[in-house]
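Note sheet for the following structure.
The values are calculated or read from the model by the stated rules, or taken from the named source; none is laboratory data. Not measured: the values here are computed from a predicted model. Cβ placement follows ideal geometry from the backbone for every residue including glycine, while neighbour counts extend to all protein chains displayed.
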Amino acid sequence: MPDLIPGNAVIGQSGGPTAVINQSLVGVVQGLRKQGAGTPGSPIKKILGMRHGVSGLTKGDFHDLTDLAHDRLELLAKTPSAGLGSTRDKPDAAYCERIFDACEQHDIRYFFYIGGNDSSDTCRIVNELAKEKGYELRCFHIPKTVDNDLMENDHTPGFPSAARFVAQACMADFLDNISLPGIKINVIMGRHAGFLTAASAMARRDDRIEKSTDGPQLIYLPEVPFETDRFCNDVAKIYEEKGRCHIAVSEGISDKDGTPIGATLIKGAQTDAHGNVQLSGSGALGDQLSNLLKDALTPAGGKQVRVRADTFGYVQRCFPDQSVVDMREARGVGKYAARLAMSGDLDGSVAIKRVHPLGSGQPYAAAYERVDLKAIAAKTRHMPEEFIEGHHDVSRTFMDYIRPLIGELPLYERL
């Protein structure tokens, strides 16, 4: 073991919780313990969990994880949502000064933060502040986000399990749709990246020789400009042919100028602290798209077209049916971060890399790598062009990409 500065380690969880974020927490704890943390002679004296992320850190609100029993750790790992509690705080310079002061006060020398884009940026700022002040602090970001929008990563922990939920929910919803035909819209998370909405394509049967016509027949992603007239025409074409239509829509769909459709259709919409129209906790976008279709497709003087919409919302994040790959990798990135810290690395973010390229014919495998915090912090990854087909579908390449991540899905029969 290299010559490491003595002090305490702190771990926090930030942003939207996921089905496997606690796997990463447990991974860090186990990784540090494997190197002797909390035992006599170890440079790491205590392993502390911040309650509600950096908010708890600044208040000195910790849960001591140093000696938490193994069976409790294993049960926690399998438990959805953030066991320590999470936060949406986006620290400015003054806030980061308080974070740094808390690190000094509690002799924290090892800082692990599990989260997405904003969490990685917090980690970067704290790391740079410590360097400016000459305070030795090892800062590591551990990836997490159901949106799958972190740069440098093939995919992020939390996404495969959320994608598994979306696929199965759309599978069941499509069967409902053919039982009582009509037009059905499902609004799925993803303000800027369409990966989770794209996962709805896995609801389609692909065990037939011909291309599946199962729903969702139409998939709209934020990476493709959304045109309301074209949307109505797309739906009308399928509805006229089948007497029904099944649709998946990302909450972040935008027009050609980048203006979110939600902001243009939803009048008097609530906004968050950053001025974004609130979408995930609201059914407003689905309702407005439903009204749009009713007005466009109902014949003059005729019976109104039956259109229904659901907003999957927060239930996507922590549904307790975790992907096997997701559980394994979420634990793995936590252990890898601990290994980096104990091997002498000063900072970085852990990234998941796919070992074999898509189309190679090789089985799925992943590896973990350290990447610079600046390569991750406050940046957004979008669906690549090769994953998108036309303006309302995903490609076979995307299906090959996501299939091993979400695992085996049930197969249903139709008459």
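Exactly one residue among ARG331, ARG370 is in contact (Cβ under 8 Å) with a residue 60 or more places away in the chain and basic (Lys, Arg), and that residue is ARG331.
Please enumerate the residues belonging to the range 216-260 that are polar (S, T, N, Q), free of Cβ contacts under 8 Å to residues at least 12 places away in the same chain and within 17 Å of LEU293 (Cβ to Cβ). ASN233 - this is the single residue of the range 216-260 that is polar (S, T, N, Q), free of Cβ contacts under 8 Å to residues at least 12 places away in the same chain and within 17 Å of LEU293 (Cβ to Cβ). Going by the structure shown, is ARG339 closer than 24 Å to GLN13 by Cβ and outside any loop (DSSP other than H, G, I, E, B)? Yes; evaluated as a whole, the condition is true for this residue. Cβ-Cβ distances below 7 Å connect the following pairs, each with a first residue in the range 132-148 that is of a type in the set (Asp, Glu), a second residue that is in a helix (DSSP H, G or I), and a separation of six or more residues or different chains: ASP147/PHE195; ASP147/LEU196. Of the residues GLY344, GLY348, the single one that is more than 18 Å from the chain's Cα centre (by Cα) and surrounded by 17 or more Cβ atoms within 10 Å (Cβ to Cβ) is GLY348.
Quick one: is ILE376 closer than 30 Å to ASN127 by Cβ, modelled with pLDDT under 95 and surrounded by 14 or more Cβ atoms within 10 Å (Cβ to Cβ)? So ILE376 passes the test. Of the residues making up the range 342-367, those that are outside any helix (DSSP H, G or I), touching a residue at least 12 places away in the same chain (Cβ under 8 Å) and among the aliphatic types (A, V, I, L, M) are LEU346, VAL350, ALA351, ILE352, VAL355, LEU358, ALA366, ALA367. Within the range 151-200, count every residue that is touching a residue at least 24 places away in the same chain (Cβ under 8 Å), acidic (Asp, Glu) and either touching a Ser or Thr at 6+ places or on another chain (Cβ under 7 Å) or in a helix (DSSP H, G or I) (or both). Within the range 151-200, residues that are touching a residue at least 24 places away in the same chain (Cβ under 8 Å), acidic (Asp, Glu) and either touching a Ser or Thr at 6+ places or on another chain (Cβ under 7 Å) or in a helix (DSSP H, G or I) (or both) number 1.
Determine which member of the set ILE185, ILE142, ILE178 is at pLDDT 95 or above, assigned by TED's automatic domain parsing to the domain that holds VAL305 and farther than 15 Å from ARG317 by Cβ.
None of the others qualify; the one that does is ILE185.
Anything in the range 65-103 that is modelled with pLDDT under 95 and of a type in the set (D, E, K, R)? List them, or say none. Correct list: ARG88, ASP89, LYS90, ASP92, GLU97, ARG98, ASP101.
All but one of (1) polar (S, T, N, Q); (2) more than 27 Å from PRO6 (Cα to Cα); (3) modelled with pLDDT of 95 or more hold for SER360; state the number of the condition that does not hold. Every condition holds for SER360 apart from (3).
So THR397 clears everything in (1) modelled with pLDDT of 95 or more; (2) in the same structural domain as ASP154 (by TED's automatic domain parsing) except one condition, right? Which one? So the condition that THR397 fails would be (2). Among the conditions (1) touching a Lys or Arg at 6+ places or on another chain (Cβ under 8 Å); (2) at pLDDT below 95, the only one that HIS246 does not satisfy is (2).
On the stretch given as the range 42-75, residues that are touching a residue at least 12 places away in the same chain (Cβ under 8 Å) and in contact with a Gly (Cβ under 8 Å, 6 or more places away or on another chain) total 19.
For ALA378, the conditions (1) over 16 Å from the mean Cα position of the chain (by Cα); (2) among the small types (Gly, Ala, Ser); (3) assigned to a loop (DSSP other than H, G, I, E, B) all hold with the exception of (1).
The single condition among (1) in a helix (DSSP H, G or I); (2) at pLDDT below 95 that GLU210 does not satisfy is (1).
For the range 373-383, the condition of being free of Cβ contacts under 8 Å to residues at least 24 places away in the same chain, farther than 24 Å from PHE165 by Cβ and aliphatic (A, V, I, L, M) holds for none of the residues.
In this structure, ASP321 does not qualify as in contact with a strand residue (DSSP E or B) (Cβ under 6 Å, 6 or more places away or on another chain), acidic (Asp, Glu) and either under 28 Å from GLY252 (Cα atoms) or not assigned by TED's automatic domain parsing to the domain that holds ALA82 (or both). For TYR113, the criteria (1) modelled with pLDDT of 95 or more; (2) more than 25 Å from the chain's Cα centre (by Cα) hold in every case but one, which is (2).
Can you find even one residue in the range 394-410 that is in a strand (DSSP E or B) and farther than 26 Å from ARG205 by Cβ? No, the range 394-410 has no match at all.
So that you can scan it fast, the table gives a plain yes or no per residue for (1) outside the structural domain of THR122 (by TED's automatic domain parsing); (2) assigned to a helix (DSSP H, G or I); (3) surrounded by fewer than 18 Cβ atoms within 10 Å (Cβ to Cβ); (4) under 26 Å from the mean Cα position of the chain (by Cα):
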| site | (1), (2), (3), (4) |
| --- | --- |
| GLY15 | no, no, no, yes |
| SER24 | no, yes, no, yes |
| VAL28 | no, yes, no, yes |
| ALA37 | no, no, no, no |
| GLY49 | no, no, no, yes |
| GLY56 | no, yes, no, yes |
